[in-house]
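Single-structure report; data block below.
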């Protein structure tokens, strides 16, 4: 026998389909409001519109646009999938426009997902697909479950879909996370799990956006200080509020937790006192202006608060830049990297890699040669907390005929030249630790299938027979190749590509990094601790193109220290080693009398158009970074 809720829903559907009216009193408010909007948009419940599918180039561009949110979402999607795996579910992530970007489905739900056309590239806006969790949440910006007949179109009536918005630091919807299942498979805790995953992504975006600001976490109860329930405040070095996450605004109801206000407007505890006692990041008592008490801790003191973070160098002549190391800033709760990471894009990569490594997810690091991919892989191993070995393999250097034996081991006599007694293989050597596959794009296609099988069950089968053995390995891969292009050309398996990129990060080229000076100082300290460099010389270095990135910079600094016996590198020495400076782009003239900057800009825009809007392909063709392409396209008038 149907309960009252189901009876009301059946009555509401009958009215909708017979008369085209949304009976408000029979439905939950959010559903009735959505049905009303659908009718006002001219949708007919008897005539569902065909799903819109964007092409591969459009999907790639949208993924590029949502890159930061998407990378954080993919980590949470994997975690969600592990929590509800085997329960006939699909996890999906969409951009703010309701375009589906990624899905992870239970094998038991894949047929239903295919039938319902739930796949990347499809558009699920409410105006087009009627009431559905993903599209409606993108519209209203609030979490929602749409069950069975609550969908506007009956063709989706066998599904239960739960979605939550992902709000960016500006409070706008940055994406939507969705979990869908057959109606009979729905679980009461799904909405809570999806909401928690969305909050985790929001907090990640907040921390990344304010990575160079003071961030204070607080809660009424100390045991919740490091959880999703904690409020987060971003502050300038002088205590001005720069941002607050939704939980912070909830905890400070009635108080002006708005950007532009001061910390002292919110709390009786003075900001100066907080920063004086909070440098150790230990929890401390905080009282707001209406008498509520909180436990608070400074997650980071902000790189801009130099006196709180790193020692000031000894006074030197005004035109001389001292060479001293400047550490990067890790994600809260993770170890500090042993390399400079003061650039926002690098800090974002650190956070994503650290979170993925802790969860044991495959990580794919992309970047030009010399950008530090192996360093980041070693950081992933460090952040994972694994006690096993870090085993690095250059796929391009391995023999195509022996690479399987090198990876998975072999038994004695498996092939000519096989080691007496056999060999365990590099994967087994990495058991309990990390396997780093460098130059993964050069792996032979035949072996890609073997690696894919390893990712499925993590079982090593030696070449020539022998007992299979299960391993526990963190897999990190790296490439400077355009794997998406290799997939299109049939040189790399698409299924392996998507498995490897559970967590995908891009290291920016040195010419695009904002921490160039800190990197140069750190390298110079390692090469010649007593050597200094003038401000003019540092400026001259920063304007070079650095095709070999950090590796090239190190080599150039070595040559400069060898060429200068006085212990101070000046601009003239750089010109002697690297050649005269390039013409000033502002004054140089390009084709047809255009300024060089304008000519370069036009070339980038034309190449982007020729590559069907694919940022990665444009960058590959021009030999520059994606950030360079993105800046040029963003600056193009619409």
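The values are calculated or read from the model by the stated rules, or taken from the named source; none is laboratory data. Being a predicted model, the structure only gives us computed values, none of them experimental. Backbone-built Cβ (ideal geometry, glycine too); neighbour counts: all protein chains shown.
Reported count of residues in region 88-111, each being in contact with a strand residue (DSSP E or B) (Cβ under 7 Å, 6 or more places away or on another chain) and assigned to a loop (DSSP other than H, G, I, E, B), is 5. Regarding region 2-15, can at least one residue be identified that is touching a strand residue (DSSP E or B) at 6+ places or on another chain (Cβ under 7 Å), in a loop (DSSP other than H, G, I, E, B) and under 23 Å from residue 182 (Cβ atoms)? Checked against the condition, which is being touching a strand residue (DSSP E or B) at 6+ places or on another chain (Cβ under 7 Å), in a loop (DSSP other than H, G, I, E, B) and under 23 Å from residue 182 (Cβ atoms), region 2-15 yields no hits at all. Tell me, which residue of region 504-514 that is over 14 Å from residue 373 (Cβ atoms) and within 20 Å of the chain's Cα centre (by Cα) is surrounded by the most Cβ atoms within 10 Å (Cβ to Cβ)? Selected residue: 513. Being in the same structural domain as residue 291 (by TED's automatic domain parsing) and modelled with pLDDT under 90 holds for only one residue in 239, 231, 222, 243, and it is 222. Scanning region 477-495 for residues that are more than 18 Å from residue 394 (Cβ to Cβ) and in a helix (DSSP H, G or I) returns 484, 485, 487, 488, 494, 495. Screening residue 215 with (1) under 28 Å from residue 97 (Cα atoms); (2) touching a helix residue (DSSP H, G or I) at 6+ places or on another chain (Cβ under 8 Å); (3) in a strand (DSSP E or B) gives one miss only, at (1). Residue 356: assigned to a helix (DSSP H, G or I) and modelled with pLDDT of 85 or more, yes or no? Here the answer is yes, as residue 356 does meet what is asked. Taking region 136-181 as the range and being within 19 Å of residue 37 (Cα to Cα) and part of a loop (DSSP other than H, G, I, E, B) as the test, the residues that pass are 141, 142, 143, 151, 152, 153, 157. State yes or no: is residue 375 in contact with a strand residue (DSSP E or B) (Cβ under 9 Å, 6 or more places away or on another chain), surrounded by fewer than 23 Cβ atoms within 10 Å (Cβ to Cβ), assigned to a helix (DSSP H, G or I) and modelled with pLDDT of 90 or more? Judged against the criteria, residue 375 is not a match. Selection within region 428-444: residues that are within 13 Å of residue 397 (Cβ to Cβ) and part of a helix (DSSP H, G or I). The member of this set that is farthest from the chain's Cα centre (by Cα) is 442. Taken over region 19-46, the criterion of being farther than 18 Å from residue 163 by Cβ, assigned to a loop (DSSP other than H, G, I, E, B) and out of contact with any helix residue (DSSP H, G or I) (no Cβ under 6 Å at 6 or more places or on another chain) is satisfied by 20, 42, 43, 44, 46. Here is the figure for region 240-256: residues that are under 20 Å from residue 272 (Cβ atoms) and loosely packed, with under 15 Cβ neighbours inside 10 Å total 1. Scan region 211-239 for residues that are crowded, with 18+ Cβ neighbours inside 10 Å and either under 16 Å from residue 296 (Cβ atoms) or without any contact (Cβ under 8 Å) to a residue 24 or more places away in the chain (or both) and the total you get is 15. Given the criteria within 30 Å of the chain's Cα centre (by Cα) and part of a loop (DSSP other than H, G, I, E, B), does residue 269 qualify? Considered against the rule, which asks whether it is within 30 Å of the chain's Cα centre (by Cα) and part of a loop (DSSP other than H, G, I, E, B), residue 269 comes out as no. Of all residues in region 121-148, those satisfying the criterion of being more than 18 Å from residue 49 (Cα to Cα) and surrounded by 18 or more Cβ atoms within 10 Å (Cβ to Cβ) are 137, 138, 139, 143, 144, 145, 146, 147, 148. On the given criteria, is residue 70 buried (at least 19 other Cβ atoms within 10 Å of the Cβ), outside the structural domain of residue 488 (by TED's automatic domain parsing) and free of Cβ contacts under 8 Å to residues at least 40 places away in the same chain? Taking the combined requirement at face value, the residue does not satisfy it.
Among residues belonging to region 457-497 that are surrounded by fewer than 15 Cβ atoms within 10 Å (Cβ to Cβ) and over 21 Å from residue 388 (Cβ atoms), point out the one that is farthest from the chain's Cα centre (by Cα).
The residue in question is 465.
Quick check on region 73-80. Is at least one of its residues under 20 Å from residue 146 (Cα atoms) and at pLDDT below 85? Yes. Candidates 192, 197: the one that is part of a helix (DSSP H, G or I) and surrounded by fewer than 24 Cβ atoms within 10 Å (Cβ to Cβ) is 192. All conditions in (1) part of a helix (DSSP H, G or I); (2) crowded, with 17+ Cβ neighbours inside 10 Å; (3) touching a helix residue (DSSP H, G or I) at 6+ places or on another chain (Cβ under 9 Å); (4) modelled with pLDDT of 90 or more hold for residue 308, with the sole exception of (4).
Can you pull out every residue in region 41-60 that is closer than 30 Å to residue 21 by Cβ and surrounded by 16 or more Cβ atoms within 10 Å (Cβ to Cβ)? Within region 41-60, 43, 45, 48, 51 meet the criteria.
Residue pairs, Cβ under 9 Å, 6 or more apart or interchain, first in region 170-187 and outside the structural domain of residue 159 (by TED's automatic domain parsing), second in a strand (DSSP E or B) and at pLDDT 85 or above. List them. Every condition considered, no pair remains.
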